[in-house]
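J.: Next up is a structure, given as structure tokens.
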Amino acid sequence: MELHDFDIPPCPDCGKEKMYHLCVSHVPGTASFRKNGWYCKSCGIGPKQLGSASEAEAARFALVLLNK
Ligand SMILES: [Zn+2]
């Protein structure tokens, strides 16, 4: 998994390429963790799950990077 290969998709709601990823928590199962996801700067929707990587996988990947 290489993050730089991941193209940010357009917003599923308004279609603008204003999506940004927000990782509130790396701890699965917490209320904060469920806020992890993609938000749209244009219309404000979120969190949305985009792409093939789940938030659990993204958090695990982030932890791997932290532990290097
Ligand atoms: Zn939008």
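J.: Does segment 21-39 contain any residue that is among the aliphatic types (A, V, I, L, M), in contact with a helix residue (DSSP H, G or I) (Cβ under 8 Å, 6 or more places away or on another chain), modelled with pLDDT under 90 and surrounded by 12 or more Cβ atoms within 10 Å (Cβ to Cβ)? Working first, answer last.
T.: Going through segment 21-39, the residues among the aliphatic types (A, V, I, L, M) turn out to be 22, 24, 27, 31.
Right, trim to in contact with a helix residue (DSSP H, G or I) (Cβ under 8 Å, 6 or more places away or on another chain) and you get 22, 24, 27.
When the remaining residues are screened for being modelled with pLDDT under 90, the result is none.
No - not one qualifying residue is present in segment 21-39.
J.: Then there is this: Going residue by residue through segment 6-19, is there one that turns out to be surrounded by 14 or more Cβ atoms within 10 Å (Cβ to Cβ), under 11 Å from the mean Cα position of the chain (by Cα) and at pLDDT 90 or above?
T.: So far as segment 6-19 goes, yes, one or more of its residues are surrounded by 14 or more Cβ atoms within 10 Å (Cβ to Cβ), under 11 Å from the mean Cα position of the chain (by Cα) and at pLDDT 90 or above.
The values are calculated or read from the model by the stated rules, or taken from the named source; none is laboratory data. Since this is a predicted model, take the numbers as computed values, not measurements. We place every Cβ from the backbone using ideal geometry, glycine too, and count neighbours over all the protein chains shown.
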